[in-house]
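A.B. asks: Provided herewith is a single structure, encoded as structure tokens, for subsequent inquiry.
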Amino acid sequence: MTNREACLAMDQNDGLASLRNEFVLPEDVIYLDGNSLGARPRAALDRARQVVEQEWGVDLIRSWNKAGWFDLPVKLGDKLAPLIGAGPGEVVVSDSTSINLFKALAAALNIQAGQDSSARRKVIVSERGNFPTDLYIAQGLAKWLDRGYQLRLVDAPDELPSAIDADVAVVMLTHVNYRSGRLLDMRAVTRHAHEQGALTVWDLAHSAGAVPVDLAGADADFAVGCTYKYLNGGPGAPAFIWVAPRLLPRFSHPLSGWWGHARPFAMQAGFQPCPTIRSALCGTQPTVSLALVECGLDLFARTDMRALRKKSLALTDLFIDLAERRCAAHPLTLVTPREHAQRGSHVSFSHPHGYAIVQALIEKGVIGDYREPHIMRFGFTPLYLRFVDVWDAVDTLARILDRQDYDVNAVAQAVT
């Protein structure tokens, strides 16, 4: 039977253990919320100081050329690309996930409208349990276009095959569900969508840096995601967008800002899109935030996604096993799939007093988060989490539940 000593032994034999030293983590905290905000890379503070003091403070505007600020979106995209199965020149880091989703969805609908003379494809398919901003963007775009587009929502992944038919223009899904941690089969879903003539837009917010992703191998069409979760880019760090090379010549979106122009400093009155992935850019980039993203991405060069995935599954297996055994007397229900092929890198349990329990855990130094309804989420970032952290976190959870050491009347804060 696993005990704390066994967990310590697993940490001693962990080939990724040294990467924890590259992060700043409070000694009295077990951080299980890297699925919402990744921990700070140790290098980030010096990099921020360099950008602010030297590049901005001394070199001033010259840094757009001298320090390479202008090319940062593409440079970072090239560093991120191998983590999602993309190639050089296929990804840019820019804007937010919501804005990039708007670009990708608008581009996909535009491509479909251009090749469908009967204009019958008016449906966007997604999951009802998808992250709300994805649904809001689709609803807003459909209303704005005012061409009869509708959003078709399924309640479970097994409903997708029947929902994706000849009326569907775009299938818009999150690879790993933000609430349940359910991992979809990207290759199978994309293949079925293409068989029906639909395009796919994948949200990789809970996938990039957490699970192996092969966009090219899955023959996907578009993908977006954030860099502040498993990629450890910092709070509000810029997101990314990927466009399949075969679709890039037809890629266009309504946010045709000057950074997406073929020659932005020609200052022409008419928009001429850049023929590369730079056409996905819009306005001037947030350089300080972009610079910090690189600190997180550079750490992935010291490992690979297969090793990270192996440790992720071991951590989540251990957490599920310990929680279910030690908390069996309580109404704790596993929401995340047990099957490895269907599990991301976070684990969710439901409990009638989930929010209060999460707040009690945070007070005792175990940081997870809460999502409606009744969902307690715990993220497992292999770059810096230890097996002993899992043991200690479950030990704290069990004590809170056994003693009912939580406030059922706890008032929800603005961010849960």
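A.B. asks: Simple spin-label model, 7 Å along Cα-to-Cβ: Val29 to Gln12 in nm?
C.D. replies: Output for this residue pair reads 2.9 nm.
A.B. asks: Take every Cα pair under 8 Å in the chain that's 6+ residues apart, average their separations, divide by the length, and report that relative contact order as a whole percent.
C.D. replies: Numbers: 781 pairs, mean separation 90.3, N = 416.
Relative contact order, the chain: 22 percent.
A.B. asks: Say we join alpha carbon atoms closer than 10 Å with springs in a Gaussian network model of the chain; which of Gly89, Gly181, Gly77 then has the biggest fluctuation?
C.D. replies: Most flexible of the set in this elastic network: Gly89.
A.B. asks: Count the lysine pairs in the chain whose Cα atoms lie under 26 Å apart, taking only pairs 8 or more positions apart in sequence or on different chains.
C.D. replies: Going through the chain pair by pair, I get 16.
A.B. asks: Could you tell me the relative contact order of the stretch 279-416? Use alpha-carbon pairs under 8 Å, at least six residues apart, and round to a whole percent. Intermediate values should be presented prior to the final figure.
C.D. replies: Values: 137 pairs, mean separation 34.3, N = 138.
Once divided by the residue count of the stretch 279-416, the mean separation gives 25 percent.
A.B. asks: Relative contact order for the stretch 129-252 using alpha-carbon pairs under 8 Å, separation at least 6, rounded to a whole percent?
C.D. replies: On the way: 169 pairs, mean separation 22.5, N = 124.
RCO, the stretch 129-252: 18 percent.
A.B. asks: Sticking with this one: What are the ³J(HN,Hα) values, in whole Hz, obtained from phi via the Karplus relation 6.51 cos²θ - 1.76 cosθ + 1.60 with θ = phi - 60°, for each residue of the stretch 86-99 in sequence order, with x given for Gly and Pro?
C.D. replies: Result, ordered by residue: 10, x, x, x, 10, 10, 10, 9, 5, 6, 9, 4, 4, 5 Hz.
A.B. asks: May I pose another question? Counting only heavy atoms of the protein chains, get the accessible area per residue of the stretch 254-326 (1.4 Å probe) and round it to a whole Å² value.
C.D. replies: Value returned for the stretch 254-326: 45 Å² of accessible area per residue.
A.B. asks: Pull out a ≥ b ≥ c, the square roots of the eigenvalues of the alpha-carbon gyration tensor of the stretch 1-144, then state rounded if a/c is under 1.5, prolate if not and a/b is larger than b/c, and oblate in the remaining case.
C.D. replies: Since a/c reaches 1.5 but b/c is at least a/b, the shape of the stretch 1-144 is classed as oblate.
A.B. asks: Charges at C-beta only: +1 for Lys and Arg, -1 for Asp and Glu. How large is the resulting dipole of the stretch 213-358 about its Cα centre, in Debye rounded to 20? Walk me through the numbers before you get to the answer.
C.D. replies: Numbers: 14 positive and 10 negative charges, 16 e Å.
Taking the Cα centre of the stretch 213-358 as origin, the dipole is about 80 debye.
A.B. asks: Something else about it: Just Ala341, Ala269, Ala193 to compare: in a GNM of the chain, with alpha carbon springs under 10 Å, which one fluctuates most?
C.D. replies: Evaluated over the chain, the most mobile residue of the options is Ala269.
A.B. asks: For Asp33, what accessible surface area do you get with a 1.4 Å probe? Give it in Å², rounded to 10.
C.D. replies: 20 Å²
A.B. asks: Just Ala266, Ala166, Ala138 to compare: in a GNM of the chain, with alpha carbon springs under 10 Å, which one fluctuates most?
C.D. replies: Comparing Ala266, Ala166, Ala138 in a Gaussian network model of the chain, the most mobile one is Ala266.
A.B. asks: Taking Cα atoms, how many degrees apart are the long axis of helix 186-195 and the longest axis of the chain, rounded to 10 and kept between 0 and 90?
C.D. replies: Helix 186-195 and the main axis of the chain meet at about 40 degrees.
A.B. asks: Could I ask something else about it? Each residue of the stretch 136-145 in order: what ³J(HN,Hα) in whole Hz does its phi give by Karplus 6.51 cos²θ - 1.76 cosθ + 1.60, θ = phi - 60°, with x for Gly and Pro?
C.D. replies: So the Karplus estimates, Gly and Pro as x, are 5, 4, 5, 4, x, 5, 4, 5, 5, 5 Hz.
A.B. asks: Mind putting a number on the dipole of the stretch 358-398 about its Cα centre? Charges go on the C-beta only, +1 for Lys and Arg and -1 for Asp and Glu, and I need it in Debye to the nearest 20.
C.D. replies: Roughly 100 debye, rounded to the nearest 20.
A.B. asks: Quick one: which residues, 5 or more positions from Arg40 or on another chain, have an amide H under 5 Å from its amide H? H modelled 1.01 Å from N in the peptide plane, none for Pro or chain starts.
C.D. replies: It is Val24, by chain and number.
A.B. asks: Follow-up. Amide H neighbours of Arg343 under 5 Å, at least 5 residues apart or on other chains, H built in the peptide plane: list them.
C.D. replies: Leu183
A.B. asks: For Asp78, what accessible surface area do you get with a 1.4 Å probe? Give it in Å², rounded to 10.
C.D. replies: Counting only protein heavy atoms, Asp78 exposes about 60 Å² to solvent.
A.B. asks: Place a +1 charge on the Cβ of each Lys and Arg in the chain and a -1 charge on the Cβ of each Asp and Glu, then give the dipole magnitude about the Cα centre in debye, rounded to the nearest 20.
C.D. replies: Once rounded to the nearest 20, the dipole reads 820 debye.
A.B. asks: Among Ala223, Ala328, Val154, which residue has its Cα positioned farthest towards the positive end of the charge dipole of the chain, with +1 placed on the Cβ of Lys and Arg, -1 on the Cβ of Asp and Glu, and the dipole taken about the Cα centre?
C.D. replies: Ala223
A.B. asks: Oh, and also: What is the Cα coordinate range of the stretch 355-399 on the first, second and third principal axes, sorted by size from largest, in whole angstrom?
C.D. replies: Rounded to whole Å, the extents work out to 28, 22, 14 Å.
A.B. asks: Taking H placed 1.01 Å from N in the peptide plane, check which residues at least 5 places from Ile30 or on another chain put their amide H under 5 Å from its amide H.
C.D. replies: Val366, Ile367
A.B. asks: Now for a different question. In what order, largest first, do Lys311, Lys364, Lys122, Lys79 sit by accessible area if the probe radius is 1.4 Å?
C.D. replies: Lys364, Lys79, Lys122, Lys311
A.B. asks: With θ set to phi - 60° and the Karplus curve 6.51 cos²θ - 1.76 cosθ + 1.60, what are the ³J(HN,Hα) couplings of the stretch 203-209 in order, to the nearest whole Hz, using x for Gly and Pro?
C.D. replies: 9, 9, 4, 9, 10, 4, x
A.B. asks: Here's something else I'd like to know. Compute the long axis of helix 387-403 from its Cα atoms, compare it with the longest principal axis of the Cα atoms of the chain, and write down the angle in degrees, 0 to 90, nearest 10.
C.D. replies: Roughly 60 degrees between the two axes.
The values are calculated or read from the model by the stated rules, or taken from the named source; none is laboratory data. Computed from a predicted model, the values in this text were never measured in an experiment. Note: ideal-geometry Cβ built from the backbone for every residue, glycine included; neighbour counts use all protein chains shown. For accessibility, only protein heavy atoms count, side chains too; no ligands or nucleic acids. Shrake-Rupley method; radii C 1.70, N 1.55, O 1.52, S 1.80 Å.
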